[in-house]
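Step one of this worksheet: look at the structure below.
What follows is calculated from the coordinates using simple rules that are stated; it is not laboratory data. Note that the structure is predicted; figures quoted are calculated from it, not measured. Cβ atoms come from the backbone with ideal geometry, glycine included; neighbour counts cover every protein chain shown.
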Amino acid sequence: MKRRDLIKTMLATVPALHLTQAIAQNNFNGLASDGLEPMAKGPFNPDWESLKQFQTPDWFRDAKFGIWAHWGPQCQPEFGDWYAREMYFEGSRTYKFHVEKYGHPSKFGFKDVINEWKADKFNPDQLLALYKRAGAKYFMALANHHDNFDNYDSKYQPWNSVNLGPKKDLIGAWAKATKKQGLRFGVSVHAAHAWSWLEGSQHSDKTGALAGIPYDGKITKKDGKGTFWEGYDPQDLYAQNHALSEGSENINGIHKQWNWGNGVTPPSEKYCNTFYNRTVDLVNKYDPDLVYFDDTALPLWPASNVGLRFAAHYYNRSIKKHGKLEAVINGKILDEEQRKTMVWDIERGQSNNIEPLPWQTDTCIGSWHYDRRIYEQKRYKSAKTVVHTLIDVVSKNGNLMLSVPLRGDGSIDSEEQKVVEGIADWMAINSECIFATRPWKVFGEGPAMEKAAPLSAQGFNEGKGLPFTVNDIRFTTKGDVLYAIPLGKPTENKLLIKSLSAGNALYPKEIAKVILVGKGNSLNFTRTSEGLLVDLPESTKAEFAFALKVLPA
């Protein structure tokens, strides 16, 4: 019996109670009868209380800016995010596009989209050199998405990029290129939700000539004779040997079930254990500094403890390797206690406060998966928007991780290139007010902060507040240096910073100098009860953001 088949047999028979007891005892010493990858020993145990020992590593606190390649087989159609789910919902835009481009999902399913994906223009060295020039201190690559396809040489998922599609170890190539540039490397893991996310593949059309003919979500290995996937079991990809969840016919119904409640069919123990093994194999093989989970709290929590178990393994492994904790986990929708166990991530949104613990915004200049319509209509976020977001986030003790979508072939388009180059141009002058800084006593001043939009679920308050102007000023610090960063072009040659008014308890020291960052020239200023009034050079009127360096006497 092959090792992989032996593991599958073990996973199918392990009792739930045995898993729970083993976790509690922290007694995994090898791939034994439970079929689980061993957990590294160390101070962290797989429970929430133990994980509160986590302290955010200095490298992450100093890094401030990362770039993400949210790239996988769903980018091949170039039709936007969640393609593999929405192609199975009759009447949706994605379904209509898919039928026209590829054929009906009973005949040409997502597995067949994978076969179209060749990544023939993938050049990670070229991309990482560009991202480093743009100021990124860490880079993240998509290890797998909700589509359940592993973009690496996966021991536990035969549907991976080495065996099928590009037939390349993409995560291996990303890791090598990232480390060559001296950046920290991260991976994002989304596959825990494939269980319910792909349930649409069990459906069929309700109308038309193919009404009632099942899509390809229930086919198995025996159906593959003579196909490109002969010898592979589509159920390892689709994971649909289970009953449908409540409301599975609703394309948006999954959102309320994201925390494994509200009628979702509970994931099997085999499914949970396989996810755990895949993820441990990923970090053991590629040694990432950061793992991002697209889940509520930790993957499969509270349906399973495997997310807790992974976190303990990952932290203990890092301590064993480095002599101290250098690993970071990003998690979403965390309560106050869970934020002590990992770095809180806010999707497409920002906190409205200086957070007591380091956190992260993740956002994208376009759609998470590449969408050619955004390129053609020139609807990407501008470099200005990205830089303003970065400044705002950093002033509140956060980092920004920016996704730059890759086309199916592995390249970025000309409009994306312009955005990244624009960020690089700004960073070349102003980066000192961003990297290795810490928040001040207040994060800023101005009209935008007075009418900030609240967070919703994972975040999603991006762009809902007032647009930034030169009167919206953000602050960062580095030792005795205070940076004041206006978020807009001045229309006059003066700038009033109200938070630095004479006698203000926020800054009781005398001010010796105000310097324009990147230029080095000292600026004239006066300090009154109204604020610090700084004379600006004409050149600042051409900048969408600039920084002033305030030095104490």
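For GluC sites (Glu not before Pro), the sites in the range 304-384 that DSSP calls loop and that have at most 16 other Cβ atoms within 10 Å are Glu336, Glu337. Rounded to the nearest 10 degrees, the angle from helix 124-133 to the longest Cα principal axis of the chain is 20 degrees. Going by a ≥ b ≥ c, the root eigenvalues of the Cα gyration tensor, does the range 57-195 fall in the rounded group (a/c under 1.5), the prolate group (a/b larger than b/c) or the oblate group? Here the range 57-195 falls in the prolate category.
Between the helical axis of 170-180 and the longest alpha-carbon principal axis of the chain there is an angle of about 30 degrees. Assign one of three labels to the range 194-287, namely rounded, prolate or oblate, based on the Cα gyration tensor with a ≥ b ≥ c the square roots of its eigenvalues; rounded applies when a/c is under 1.5, prolate when it is not and a/b is larger than b/c, and oblate otherwise. It is oblate, given that a/c is not under 1.5 and a/b is not larger than b/c.
Over the chain, the hull volume per residue, using the convex hull of the C-alpha atoms, is 154 Å³. Plainly put, the range 453-552 has a radius of gyration that is 1.02 times its Kirkwood radius, both from alpha-carbon atoms, as the Rg/Rh ratio.
Grouping the Cα pair distances of the range 119-271 into 10 Å bins from zero gives a pair-distance distribution of 10, 30, 29, 21, 8, 1 percent in increasing distance order. Counted over the chain, the DSSP beta bridges are approximately 45% antiparallel.
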